[in-house]
Amino acid sequence: MRANPSDYEMVAPGSLQAIVSLLAREPGAWLPIAGGTDVMVQYAAGKLPGRKLVSLWNLPELRRIDVTADEIRIGAGCTYTDLRQHALIGRDFPLLAAAARWTGGIANQNRGTLGGNIVNASPAADSLPALLAYEAELILVSVRGERRLPYVTFHTGYKKTLMAQDELLQAVCLPRRFTGYLAHARKVGARNAQAISKVCIAALGRMANGVVEDIRIALGSVAPVPLRLWATEHAVLGKRIDALVLALARTAATGEIHPIDDIRSSAKYRTTVAGNLVVEFLNRLNAESAEVGPVGPNDVLARWNLLPVGQAIIAIQPCCGSSAWAQKMADRRPLSDEAALLAASNETWRSLQRSDWIEAFQSHPRIGESRASEALPTQPPIQPRAAESAAWSAQEQQAVTDADADTKKILADANREYEQRFGRIFIVCATGKSAPEILQILTRRLNNDAEAELQEAAEQQRQITEIRLKKWLQR
Amino acid sequence: MNDFREGPRKVEIAFTVNGEPRKVCAYPMERLLDVLRLELGLTGAKEGCGEGECGSCSVLMNGGLVNSCLVPVLQAADSEIVTIEGLADGETLHVLQQAFLEYGGAQCGICTPGMILAAAHLLQRNHEPTIEEIREGLSGNLCRCTGYSQIVEAVAEAARRGLEQHHDETGATA
């Protein structure tokens with residue numbers, strides 16, 4: 001039943017001192033409320049346990065982020081938007097930045113707070129595995145003074161914590177010692193936005209001499225509390241990541257979680273996915289992290305790794321015209337070097353839908369022309385960095401541009417024939433190929449059936465993307 | 001400080017709504033959404049889910065997009081609120097409203113005020129959003145009619161027009 005506002009008291013004392021005094025005077029009577037993204041939902045459902053609320057919203061003492069040489073101290077009242085906008089968090093604490101990005105929509109990110117996420121103590125909260133991975137410490141405050149405790153001890157059971165009734169969460173401290181680690185976060189939910197996780201992972205790892213030198217793995221939604229996977233970490237520490245170790249890690253992980261069946265998922269599904277997420281992380285660690293350092297070897301790549309996702313998509317889009325490809329590439333960051341970038345690109349390209357491939361094909365100019373077709377109905381209204389893509393097309397097709405008029409004419413006719421036959425423009429990796437060579441290829445491919453030709457065009461596009469990615473790194 | 005042993009009582013809350021200073025007398029836990037609709041007669045913000053999932057009650061509070069169903073009115077004290085009613089300039093539609101009209105971005109209309117405010121919030125921060133950024137900016141607003149494509153196209157068009165206007169105003173050429 002809906003709550004009646006006339007039954008509820010609420011005060012906004014406006015200072016931390018006044019709030020902890022109130023909590024001390026009547027321990028347990030006052031429920032702190034920050035941005036209300038959890039409390040107001042319970043209130044609307046008539047499920048708030050108490051009738052007295054004290055507002056923490058916008059309290060200056062709780063909404064600051066202080067950075068020292070050793071740690072970053074985040075006020076409990078900082079919103080997800082505050083976290084997303086903080087440059088150091090984006091750069092050095094990508095697991096937390098990703099969690100902030102994944103929590104709710106923009107309106108909830110503007111109001112929901114990190115402290116609220118912790119104190120509300122949902123095992124499905126997106127930011128909590130990140131805090132476990134970074135070995136956060138919490139500062140609790142009361143009229144008795146401050147105390148600092150490791151976050152990993154804070155949750156004692158489902159929605160139970162070590163916080164006393166007169167205490168308030170003041171700040172979250174993250175040590176700045178994980179910058180050289182590969183950071184891996186993934187959320188599995190019913191949809192990308194506004195979904196509560198079925199399972200989520202936040203993990204950090206570092207390899208040295210081919211073995212796992214240090215590792216942190218934390219999962220959400222797999223136990224009554226957010227869980228650090230100590231046994232799984234132990235199973236891989238000091239080992240090479242091979243098939244046997246991956247199997248051991250999966251067994252350890254599925255052994256130390258305690259997922260339940262609920263409205264969002266089943267225990268069986270969660271167990272399988274949790275194992276998959278751990279294996280995915282370890283595979284990526286093995287593939288990428290030998291070269292990952294605080295600063296990558298390639299400046300272009302290092303800078304791109306740090307960009308907000310929207311800008312990262314725009315930056316890499318000239319290399320391949322598929323927006324799904326650009327999105328997935330941005331999601332796979334950080335990528336340590338050229339080899340990792342090319343491997344990620346090839347894998348991503350092969351995983352795309354046919355419509356994504358065709359979107360990429362359509363972004364190219366017809367061989368011998370300078371601009372991509374403008375008559376395409378599917379063309380998005382905004383073409384990021386189209387100029388760069390066009391400039392590269394011109395370089396790639398230089399030999400054709402320089403060809404004699406007769407060759408160009410024959411090529412143009414063959415192009416038209418191809419378009420009539422397959423309903424899209426002819427794609428070939430033109431770099432290094434002369435006009436007669438291209439004509440020969442085009443003539444041969446006109447004999448392909450539709451499926452074979454789609455696969456061949458996709459392979460050509462893959463090669464074009466690879467060449468462009470290499471150029472992109474040299475800018 | 002007040003003596004709370006007498007139980008909850010109404011308080012006077014002053015804030016600015018669509019540029020005008022307003023005062024209301026309300027219980028502190030009344031939802032901003034209800035105060036806007038019932039006390040101030042601003043029925044543009046809609047109640048959908050009532051739990052922060054659908055975005056149809058979106059308003060701007062001090063420039064930030066919020067779900068007004070999750071804001072106790074006491075927390076809106078002294079703030080600046082903008083609702084859909086405050087977006088048009090008299091009879092001249094806001095560029096987003098015009099684009100939504102032209103691109104079929106509104107169908108039944110329940111989500112539209114929230115969609116437009118979420119889009120306005122995005123375009124204030126990002127003049128040239130990509131399609132993905134538009135989708136992210138609107139990800140907290142649910143629409144059951146349009147399939148979203150027309151909405152995203154409307155926002156992209158509004159961004160383009162806004163940018164042109166900006167170029168015109170600054171004398172820059174495209």
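Coordinate-derived values only; no laboratory data. Since the structure is predicted, the reported quantities are computational estimates derived from the model, not experimental observations. We place every Cβ from the backbone using ideal geometry, glycine too, and count neighbours over all the protein chains shown.
A few notes on this one:
- Magnitude of the charge dipole for chain A, about its Cα centre and with charges confined to Cβ atoms of Lys, Arg (+1) and Asp, Glu (-1), is about 1000 debye.
- The 3J(HN,Hα) values that the Karplus relation (6.51, -1.76, 1.60; θ = phi - 60°) gives for segment A:114-127 are, in residue order, 4, x, x, 4, 6, 6, 4, 6, 6, x, 9, 4, 5, 7 Hz. Gly and Pro appear as x.
- Across segment A:162-189, the residues whose backbone nitrogen lies under 14 Å from the label position 7 Å along the beta-carbon direction of A:TYR269 are A:188-189.
- Geometric extent, Cα atoms of the protein assembly as shown - Rg, Dmax (angstrom): 27.6, 96
- Sorting A:105-118, B:32-45 by average packing, meaning the other beta carbons within 10 Å per residue, from highest down gives A:105-118, B:32-45.
- Working note: Cα atoms of chain B, range along each principal axis, descending, whole Å: 64, 37, 27.
- Multiplying the residue separation of A:ARG144 and A:ARG354 by 0.36 nm and subtracting their alpha-carbon distance yields 69.2 nm.
- In percent, rounded to a whole number, the relative contact order of segment A:203-288 is 27, using alpha-carbon pairs under 8 Å and six or more apart.
- Percentage relative contact order, chain B, counting C-alpha pairs under 8 Å, at least six apart: 21
- Restricting the calculation to alpha carbons of segment B:95-170 gives Rg and Dmax of 11.6, 39 angstrom.
- Lys, Arg +1 and Asp, Glu -1 on Cβ, resulting dipole of segment A:1-179 about Cα centre, debye, nearest 20: 260
- Within chain B, the whole DSSP H helices whose Cα atoms reach 18 Å or more along their own axis and whose mean Kyte-Doolittle score is at least -1.0 are B:112-125, B:149-170.
- Per-residue mean of foreign Cβ neighbours for B:21-31 is 4 (Cβ atoms of other chains, 10 Å radius).
- Packing order of peptides A:130-138, A:69-77, highest average first: A:130-138, A:69-77 (average count of other Cβ atoms within 10 Å over each peptide's residues).
- Across peptide A:31-37, the average count of Cβ atoms from other chains found within 10 Å of a residue's Cβ is 4.
- When only Cα pairs below 8 angstrom with a gap of at least 6 residues are kept, chain A shows a relative contact order of 10 percent.
- FRET efficiency estimate (nearest 0.05) - Cβ-Cβ, A:THR251 to B:ALA88, R0 56 angstrom: 0.35
- Alpha-carbon centroid distance for the pair segment B:96-152 / segment A:136-192, whole angstrom: 36
- Per-pair calculated FRET efficiency, R0 = 60 Å: B:CYS108 and A:ARG421 via Cβ, rounded to 0.05: 0.85
- Residues A:VAL300 and A:GLU213, FRET efficiency given R0 of 22 Å [Cβ-Cβ distance, rounded to 0.05]: 0.20
- Amide H contacts of A:LEU31 (H built 1.01 Å from N, under 5 Å, at least 5 apart or other chain): A:LYS52, A:LEU53, A:VAL54
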